[in-house]
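Everything below concerns the one structure shown next.
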Amino acid sequence: MTDLANNRPPLESGEKVAVVIGGLTLVRCLGMEKIPFVAVTATGDQRDHFIRHSRYCKEGFVTADPKENPEKVLADLIEVGKRQKTRSPLYYGKDQDQRLVSENREELSKYFDFLMPDAETMDICLDKAKFSAYCRTHELPIPETFSEEETVERLRNQAPWTFPLALKPSSHVTWFDSPIIKALKGVQYKALILNTVEELEKLVEAMQAEKIPFLVQHYIAGGDDCIFSFHTFLDRESNPLGYFVGRKIRTFPPTTGESTYLQLAQNDALVELALRL
């Protein structure tokens, strides 16, 4: 673990800080409330490293890439936890960070405060193929979805398709580093939109050659500004402590990329639906 010396004032005796695995999205919220934090970023995530320059960052550390060396990340997190005088709130954002915390929750809970669903639920939510099967079982409304096996079978039987379709990797953990994304000039598409059987066959062949699990969904057309999202913190009894609705304005790349511009929105119908789910 590399200590990023930033000449910040030392922690005061008994001062409680948050420990953050991630970048600006998380620490901006803490800074707005003037909450001090310790930043833990992964090797290679250069965009995240600059958060150590925040006036609220007390210490900053670089650890290994959790995709490649989760054991090292876990050891470094425990070391950070041992340095704090009290159990610190732990914040994490990316899929690989959530998985690491979930799989090691018993050990990490000795040093950090955090609350997440049970391990099985977390595993389902971090895998699109498992989540789509979960939605079918519980009759949750999602676009028409085909598993990898169903897609291959339909192609083999020359079954008809309704285009456009969206092909998505089951997980984004290694997706953005895959040869398929690199062949697209490294642009971080979350999904790939397909309009013909030939495009689908070619991409399915490439996904299987790279051993990347995937699913295929009916693509619902619409601009980025048609996408709304619901965000909430729940207590142990699943009561909402706070929530908000976001509306995307732009993403990069358009339609299937990361949010680059969004706004808060008022949408009572979405709030009611989301809280019920």
Subject >> Among residues of segment 137-164, those that are open to solvent by less than 90 Å² (accessible area, probe 1.4 Å) and either among the hydroxyl-bearing types (Ser, Thr, Tyr) or out of contact with any strand residue (DSSP E or B) (no Cβ under 6 Å at 6 or more places or on another chain) (or both), counted >> reply: 13
Subject >> Subset of segment 108-136 [part of a helix (DSSP H, G or I) and open to solvent by 60 Å² or more (accessible area, probe 1.4 Å)] >> reply: Glu120, Cys125, Lys128, Lys130, Phe131, Tyr134, Arg136
Original post:
Being touching a strand residue (DSSP E or B) at 6+ places or on another chain (Cβ under 8 Å) and farther than 16 Å from Ala191 by Cβ, is that true of even one residue in segment 212-225?
Top reply: yes
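Let's see how each residue does on (1) among the basic types (Lys, Arg); (2) exposed (fewer than 15 other Cβ atoms within 10 Å of the Cβ):
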{"position": "Tyr189", "(1), (2)": "no, no"}
{"position": "Lys202", "(1), (2)": "yes, yes"}
{"position": "Gln208", "(1), (2)": "no, yes"}
{"position": "Phe230", "(1), (2)": "no, no"}
{"position": "Asn239", "(1), (2)": "no, yes"}
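Condition check ((1) within 18 Å of the chain's Cα centre (by Cα); (2) closer than 22 Å to Trp175 by Cα; (3) not polar (S, T, N, Q)) across all residues:
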site	(1), (2), (3)
Ile227	yes, no, yes
Glu258	yes, yes, yes
Tyr261	yes, no, yes
Ala274	no, no, yes
Subject >> Count of residues meeting criterion [of a type in the set (A, V, I, L, M, F, W, C) and within 18 Å of the chain's Cα centre (by Cα)] in segment 245-256 >> reply: 2
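Okay, residues lined up against (1) under 19 Å from the mean Cα position of the chain (by Cα); (2) closer than 27 Å to Asp127 by Cα:
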site: Arg28; (1), (2): yes, no
site: Lys34; (1), (2): no, no
site: Thr41; (1), (2): yes, yes
site: His49; (1), (2): yes, no
site: Thr63; (1), (2): yes, yes
site: Pro66; (1), (2): yes, yes
site: Thr86; (1), (2): no, no
site: Tyr91; (1), (2): yes, yes
site: Asp97; (1), (2): yes, yes
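The values are calculated or read from the model by the stated rules, or taken from the named source; none is laboratory data. Keep in mind the model is a prediction, meaning the values are calculated, not measured. Cβ atoms come from the backbone with ideal geometry, glycine included; neighbour counts cover every protein chain shown. The area values use the complete protein model at the heavy-atom level, side chains included, leaving out ligands, DNA and RNA. Shrake-Rupley method; radii C 1.70, N 1.55, O 1.52, S 1.80 Å.
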